[in-house]
Amino acid sequence: MITLDGETLSVNEWARRRGVSPRTITRRLRGGMTVRDAIHLPPDKNRGKRKPDRNPPEEVERLCRENLRAVVYLLRRVLQNAPRSAILAAGGHEELFSACLPILWRVARLYDPARGKFTTPLGFAIARRVPEILRLAQTGARKAFERRSVTDDVLYTYPAKASADVRLYLEALDARERDVVERHYFGGETLREIAANMGVTGERVGQIRFAALSKMRKMA
């Protein structure tokens, strides 16, 4: 819900009233616009068209080269609260850093020094784009996971035959759950042997195993 001038409406309701798409309002708010501007500004008819370069190629190259560390820092900030499963689905930190390089280049093309530090528009662009990449990657992993349910038969084939999506969700378990699953399915240990090694009861190991499998199913 969005409140403006004492009136609270949903994004869709504001969009219908102002003749702007809900996606446009959401994009503007995520990009740092004020609520008033996000709702009242007319649609950008030139959106989607490539804007002319503001800087010459050599200046763009210099900005990109000098701000690689800034990309690493800004990416880490965005990923601080991101689900680990989403990061893994997107290919990890290195892949996400590679995905930020076109963003860096685009910001360098359009950067206007008169409007402030270079890292300000760069930070906005990364903060807007990276969550979209994570969401799309996680959605794709979940769809793949739904085609292969997590069962004992599947886990017993890990890692030689199990699909990548199963390995992905195993990585999202906590340390104790992953330890029990790996010992039981991949190491061939019985629940009683695992319990003896961990110093807990066999019933407790069974509970951990069940919780791990349930978590993996829910993540799908």
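The values are calculated or read from the model by the stated rules, or taken from the named source; none is laboratory data. Not measured: the values here are computed from a predicted model. With ideal geometry, Cβ positions are generated from the backbone for all residues, glycine too; neighbour counts draw on all protein chains shown.
Things to note:
- Residue that is surrounded by the most Cβ atoms within 10 Å (Cβ to Cβ), among those in region 170-220 that are outside any helix (DSSP H, G or I) and modelled with pLDDT of 75 or more: Leu173
- Of all residues in region 65-106, those that are among the small types (Gly, Ala, Ser) and farther than 20 Å from Asp174 by Cα total 3.
- Subset tally (residues that are assigned to a helix (DSSP H, G or I) and either charged (D, E, K, R) or in contact with a strand residue (DSSP E or B) (Cβ under 7 Å, 6 or more places away or on another chain) (or both)) for region 112-131: 3
- The criterion of being more than 16 Å from Arg135 (Cβ to Cβ) and surrounded by 13 or more Cβ atoms within 10 Å (Cβ to Cβ) does not hold for Val78.
- Selected residue (criterion: surrounded by the fewest Cβ atoms within 10 Å (Cβ to Cβ)) from residues of region 86-111 that are outside any helix (DSSP H, G or I) and either of a type in the set (Gly, Ala, Ser) or out of contact with any Pro (no Cβ under 9 Å at 6 or more places or on another chain) (or both): Gly91
- Residue check for Thr139: on the phi < 0 side of the Ramachandran plot, at pLDDT below 75 and not in a loop (DSSP other than H, G, I, E, B): yes
- Scanning region 60-98 for residues that are aliphatic (A, V, I, L, M) and within 12 Å of the chain's Cα centre (by Cα) yields Leu75, Val78, Leu79, Ala82, Ala86, Ile87, Leu88, Ala89, Ala90, Leu96.
- Pick from region 37-85, criterion assigned to a helix (DSSP H, G or I) and basic (Lys, Arg), ranking: modelled with the lowest pLDDT: Arg84
- Failed criterion for Ala160 (all others in (1) at pLDDT 70 or above; (2) farther than 15 Å from Leu213 by Cβ; (3) aliphatic (A, V, I, L, M) hold): (1)
- Cross-chain or 6+ apart pairs with Cβ under 9 Å, region 53-70 first and closer than 12 Å to Phe118 by Cβ, then hydroxyl-bearing (Ser, Thr, Tyr) and part of a helix (DSSP H, G or I): Asn67/Thr119; Ala70/Thr119
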